[in-house]
Amino acid sequence: MFIVNYRRLLLLALFSLLMYGSFFFLSYVVDPGRTTKEFTSPWNLLLFVVESVITHYVLIFEVIIPAMHKERKYSKLLMITILLFLIKFILNYGYFLIQREHNVVSTKTSLSRNSMSWLLLIVYVFNIITSFSIALLVEWIRKGKERIMLEKQRTEAELSALKHQINPHFLFNSLSFIYGKVIKLDKETADSILILANIMRYALGKSDTTDGQVSIMDELEHMKNVVEINQRRHNRHLHVQYEEQIDDQSIRIIPLVLITLVENAFKHGDLHNAAHPLLIKVCTNVNEFSFDISNKKGKGIKELSNGVGLQNISQRLSLTYGHRCSFILQNEEQFFSVSLKINWNI
């Protein structure tokens, strides 16, 4: 689709004016009188700039650069080029004939039709050469900007990686210190600190495998830790109903999916009503993995949430499993539920 970039048009207009000035100077050296008459005409200047801008814009941004990036078929690009120069030839040659007919140019100094055809051919070759040169310059500038951006992103990534190396190390050492101090006074609190440390170690850790996935048993273990730590926070007054049927323990899954869904339920749900507990059901077999969770929505002021966590899960699942995965959210007036299914045979 042809999209006009007005900044590019402005730059090409300035380039066209520069070319017009160069042609004026060269022509003035040869024939000052005729040059002054023809080149000082506002109409001729306007026609030259408009034609030059359109020609170079199409050649650079619709033909040459797409050809460099292999964005379009070469046959289509060739057709655009031929059509462009065919239209230019009809207009240029037609304008030349009109000038001759109305004696705008003296017949003694005017070009013959054959000479005009060759002159137009030379001009068109010049258009292609200048367009190709400008396209190379545009690509060089673009790649330079990309290089700077990539360097910036790499630097930021290295700084981020350094932070992740330092912060967890400091955090886990601090938690271990607190655990050692608290266990002598309150074992339950100390155990809570240990559970929290394990959850954070799992969340901040990296998978050793190339596929970036973890054992379903590891994910379930830390999901249960999330349930446990939340129960301890609320003095075990929360109602949670958990069911699992693990027929295949070798299944692997991208990490933190189940944990995020469970944490979301604790964050936004009302789990104090025994009639409406948090329902969690996990099932694995050779062909399929399924995970269902539902909760009653909490009332009153809720923690701020923009759905980024659920969006992130959906994108990760889609990228990893594609059409083999089904991720369904049901957001009703009083209840919220999620159903996740991954089929290994599709």
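Read the figures in this text as sums done on the coordinates, not as results from a lab. All values reported here derive from a predicted model rather than from experimental measurement. So basically every Cβ, Gly included, is an ideal-geometry build from the backbone, and we count neighbours across all protein chains shown.
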Evaluate the distance, in nm, between pseudo-label points positioned 7 Å from the Cα of Q245 and of D211 along their respective Cα→Cβ axes.
-> 2.4 nm
Taking a 27 Å limit on the Cα-Cα distance, which of the listed pairs K181/K296; K267/K341; K187/K297; K297/K341; K296/K341 fall beyond it?
-> K181/K296; K187/K297
Distribution output for the stretch 220-270: share of Cα-Cα pairs per 10 Å bin in percent, first bin at 0, values 21, 54, 21, 4
Which far-off residues, 5 or more places away or on another chain, put their amide H under 5 Å from the one on F335, with H placed in the peptide plane?
-> K297
At a Förster distance of 25 Å, what's the computed FRET efficiency of N44 paired with F132, Cβ-Cβ distance as r, to 0.05?
-> 0.45
How large is ³J(HN,Hα) for each residue in the stretch 285-299, as worked out from phi by the Karplus curve 6.51 cos²θ - 1.76 cosθ + 1.60 (θ = phi - 60°), to whole Hz, x for Gly and Pro?
-> 8, 4, 9, 8, 10, 9, 9, 10, 9, 8, 8, 7, 6, x, 10
For the stretch 239-346: rounded, prolate or oblate by the Cα gyration tensor [a/c cutoff 1.5] = oblate
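Computed FRET efficiency, Cβ-Cβ of K181 and R233, R0 30 Å: what is it to the nearest 0.05?
Details: r = 20 Å, r/R0 = 0.68.
For R0 = 30 Å, the calculated efficiency reads 0.90.
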Other-chain or far-sequence residues with amide H under 5 Å of E288's (modelled H) | W344
